[in-house]
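The values are calculated or read from the model by the stated rules, or taken from the named source; none is laboratory data. Owing to the predicted nature of the structure, the values given are computational and were not obtained by experimental measurement. All Cβ positions, even for glycine, are placed from backbone atoms using ideal geometry, and neighbour counts span all protein chains on display. Side chains included, ligands, DNA and RNA excluded: accessible areas come from the protein's heavy atoms. Shrake-Rupley method; radii C 1.70, N 1.55, O 1.52, S 1.80 Å.
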Amino acid sequence: MITTDHTVQLFLDFFRERGHELTPGGSLIPSPGDPVLFTTSGMHPLTPYLEGRPHPLGRRLTGRQRCLRTTDLDEVGDDTHLTVFEMLGSWSLGDYGGSQSLRWGFELLRDGFGIDPGRMHVTVFGGDEQVEPDHESWRTWEELGLPVEPTTEENWWSNGPTGLCGPDSEIFIWTGDEIPQGTPTSDDRWVEVWNHVMMRYTRHPDGTLEPLHRPCIDTGLGLERLVRILRNTQSVYDIDVFQPWITTLPRIWDPLDERSLRLLSDHLRSSIVILGDRVTPSPSGRGYVLRRLIRRTLTTLRRDDPTRTLSDLPIELMEHTLEHFRQSVDPHEVRTVLLDEERKFDLLLQRGRKVLSRSRFTGPLTEDDYHYLHDTHGLPRDLVVYLNTEAGVS
C-alpha cells in the first residue's frame with residue numbers, strides 16, 4: 001500500500017540522485033521581517049535565493065515544506081482542499097532550464113510513481129500583450145506526447161503585484177472513472193498536482209517587466225493530492241495520514257455528515273500543527289487565524305449536539321499529527337490550549353446570546369448589523385450565524 005512517507009522519500013531521492021541538496025523546510029512561521037503570517041508555498045522560504053542571493057547548499061535544491069492557506073477555507077471539505085498541507089519542491093537557482101524541469105517531472109510521475117501518461121494533461125502560458133507564449137514548455141510537452149492546453153492568467157505566476165514572476169506549466173492527472181475527456185479548464189476531474197514556474201522576470205510598480213539576470217525554476221507538488229491519486233481514493237481525506245481522524249471522530253461524535261467530518265478533521269489537525277509551531281491563540285495576527293480555526297471547529301461540532309466538547313478528543317490524534325509534522329511540542333500542552341479556547345468560546349457564546357436577544361436583532365440581519373456585531377461586540381459572522389441557528393432564527 002502506498003504511504004505518504006514512501007511518496008515523500010521517493011520524490012526527494014529522485015532529485016537528490018540528480019544533484020539536488022535537501023533544504024531544511026519545516027515551520028509554518030516565516031523568517032523575521034517577512035510580512036506574511038504563514039508560509040503559503042514551498043518556495044516561500046527560498047525567496048531571497050530566487051531573487052539572486054547565493055544559497056549555501058548550491059544551485060539545485062529539493063525539499064518538503066508544510067504550508068497554510070486561509071484563502072480556501074470555504075472550500076475545505078471538498079475532495080482536494082486543505083488548510084494545512086505539504087508541498088514537495090525542486091529548485092534550479094540559475095542552473096538548468098524549464099525544459100529539463102518538465103522532463104524530470106514527467107519521468108518521475110511516469111516511471112517513479114507509475115502514473116499512466118494517458119491520464120496526464122498539461123497547461124502552459126499562451127501569451128498576452130506583454131509576453132509571448134511559453135514556446136519552450138509547449139514544445140517540450142509535445143515532444144513527450146502529452147496534450148497541451150494554453151491559458152493566460154491561469155499559467156502566469158507572480159509573487160505579488162511586484163517582484164518575481166513568469167510563466168508556469170501545470171501537470172494535471174485525470175481522476176474520473178471514465179476515459180479521460182475534456183481539458184483541465186473544462187472538467188474538474190483533472191486535478192492539478194505539480195506546478196513548474198519559470199521565474200524569468202521582475203515586475204516593477206509601473207507594471208513593466210525586467211528579465212532576470214539569473215532565471216530560476218521553482219516547482220511545487222501537492223503531497224496529499226498526489227497520494228490521493230496514487231492510492232486511487234475519492235478525496236485527500238481518504239489517504240493514510242487522515243485515517244486516524246476519519247475513523248476516530250465518528251466514534252466519539254456520532255452522527256457526523258461527510259462534509260462536517262472532513263472539516264473537523266482538517267481544522268483540528270491544522271490547529272494542532274499551528275500550535276506545534278508554537279503559535280498561541282490571540283485577537284490578531286497568526287493567533288487569530290488559529291482562534292478562527294478552533295471556533296469554526298466548535299460551531300461545526302456543536303451544530304447538531306451542543307454537548308459535544310474537545311475534551312472528548314483522544315490524545316493519540318494529537319500525537320499522530322505532531323509526529324507526522326516532526327514537531328516536538330508536548331501533546332498534553334496542545335490539549336490544554338484547545339480546552340482553554342473552548343472555555344473562552346463558551347463565554348463568547350453567552351455574551352453573544354445576550355446581545356442578539358435585543359429587539360434590534362429580532363428580524364433578518366443586514367450587512368450593517370454584521371459589521372456592528374463584529375466591530376462593537378467582537379462577534380464574527382460565522383458565530384452570529386451559529387447563534388441564530390441555535391435560536392431557530394433564519
**Report entry** Under Karplus coefficients 6.51, -1.76 and 1.60, residue-wise ³J(HN,Hα) of the stretch 244-254 in Hz, glycine/proline x
**Finding:** x, 6, 5, 8, 7, 4, x, 6, 9, 10, 9
**Report entry** Between 0 and 90°, nearest 10: helix 258-276 axis offset from the chain longest Cα axis
**Finding:** 80 degrees
Report summary line: Honestly the stretch 192-288 on the Cα gyration tensor test (a ≥ b ≥ c root eigenvalues; a/c under 1.5 rounded, otherwise a/b vs b/c for prolate or oblate) is just oblate
Query raised in the report: In terms of modelled amide H atoms, which long-range or inter-chain residues lie less than 5 Å from the amide H of Glu149?
Result: Val122, Thr123, Val124
Report task. Work out Dmax and Rg for the stretch 116-265 from the C-alpha atoms and quote the Rg first, both in angstrom. Result -> 19.1, 59
Requested in this report: Provide the percentage of antiparallel DSSP beta bridges, counting only those with both residues in the chain; round to the nearest 5.
Outcome: 85 percent
Requested in this report: Quick one: grab the alpha carbon gyration tensor of the stretch 4-231, order the square roots of its eigenvalues as a ≥ b ≥ c, and give me rounded if a/c is under 1.5, else prolate or oblate depending on whether a/b is larger than b/c.
Outcome: rounded
Report task. Please get the size of the charge dipole for the stretch 4-231, origin at its Cα centre, with Cβ charges of +1 on Lys and Arg and -1 on Asp and Glu, quoted in debye to the nearest 20. Result -> 1020 debye
Query raised in the report: Each residue of the stretch 209-225 in turn: what ³J(HN,Hα) in whole Hz from Karplus with 6.51, -1.76, 1.60 and θ = phi - 60°, glycine and Pro shown as x?
Result: 10, 10, x, 6, 5, 10, x, 10, 10, 10, 10, x, 10, x, 4, 5, 5
Query raised in the report: Amide H of Val131: which non-local residues (sequence gap of 5 or more, or other chain) have their own amide H closer than 5 Å, using H built in the peptide plane?
Result: none
Requested in this report: Starting from the Cα-Cα distance between Glu333 and Thr389, subtract it from 0.36 nm times their residue separation and give me the gain in nm to one decimal.
Outcome: 16.9 nm
Report summary line: Total charge of the residues flanking His371 in space, meaning their Cβ is under 15 Å from its Cβ, with Lys and Arg +1 and Asp and Glu -1, is -3
Query raised in the report: Ignoring ligands, DNA and RNA, what accessible area per residue does the stretch 240-391 give at 1.4 Å, in Å²?
Result: 48 Å²
Requested in this report: Pick out which of His55, His371, His324 has the largest mean-square fluctuation in a Gaussian network model of the chain, springs linking Cα atoms closer than 10 Å.
Outcome: His371
Query - Packing-based ranking, highest mean first, of 197-203, 9-15, 139-145 given that Cβ atoms within 10 Å are counted - result: 197-203, 9-15, 139-145
Requested in this report: For the chain, with all protein chains present and a 1.4 Å probe, just round the carbon and sulfur fraction of the accessible area to a whole percent.
Outcome: 49 percent
Report summary line: Projecting the Cα atoms of Pro380, Leu365, Phe325 onto the charge dipole of the stretch 240-391, where Lys and Arg contribute +1 and Asp and Glu -1 at Cβ, the residue farthest towards the positive end is Leu365
Query raised in the report: Cα centroid distance between the stretch 256-327 and the stretch 211-248, in Å?
Result: 20 Å
Query - Lys/Arg +1, Asp/Glu -1 at C-beta; the chain dipole; positive extreme among Pro281, Met120, Pro48 - result: Pro281
Report task. Place +1 on the Cβ of every Lys and Arg and -1 on the Cβ of every Asp and Glu in the chain, take the dipole about the Cα centre, and give the residue among Leu349, Leu146, Leu57 whose Cα lies farthest towards its positive end. Result -> Leu349
Report summary line: Quick shape check on the stretch 240-391: root eigenvalues a ≥ b ≥ c of the Cα gyration tensor, a/c under 1.5 is rounded, otherwise prolate if a/b tops b/c, else oblate, and it reads prolate
Report task. Return the loop-located trypsin sites (Lys or Arg not before Pro) in the stretch 295-394 (DSSP other than H, G, I, E, B) with at most 10 other Cβ atoms within 10 Å of their own Cβ; answer none if there are none. Result -> Arg358
Query raised in the report: Hey, got the dipole for the chain? About the Cα centre, +1 on K and R Cβ, -1 on D and E Cβ, debye to the nearest 20?
Result: 1500 debye
Query raised in the report: Given the options Thr248, Thr307, Thr151, which has the most mean-square fluctuation in a GNM of the chain, springs set between C-alpha atoms less than 10 angstrom apart?
Result: Thr307
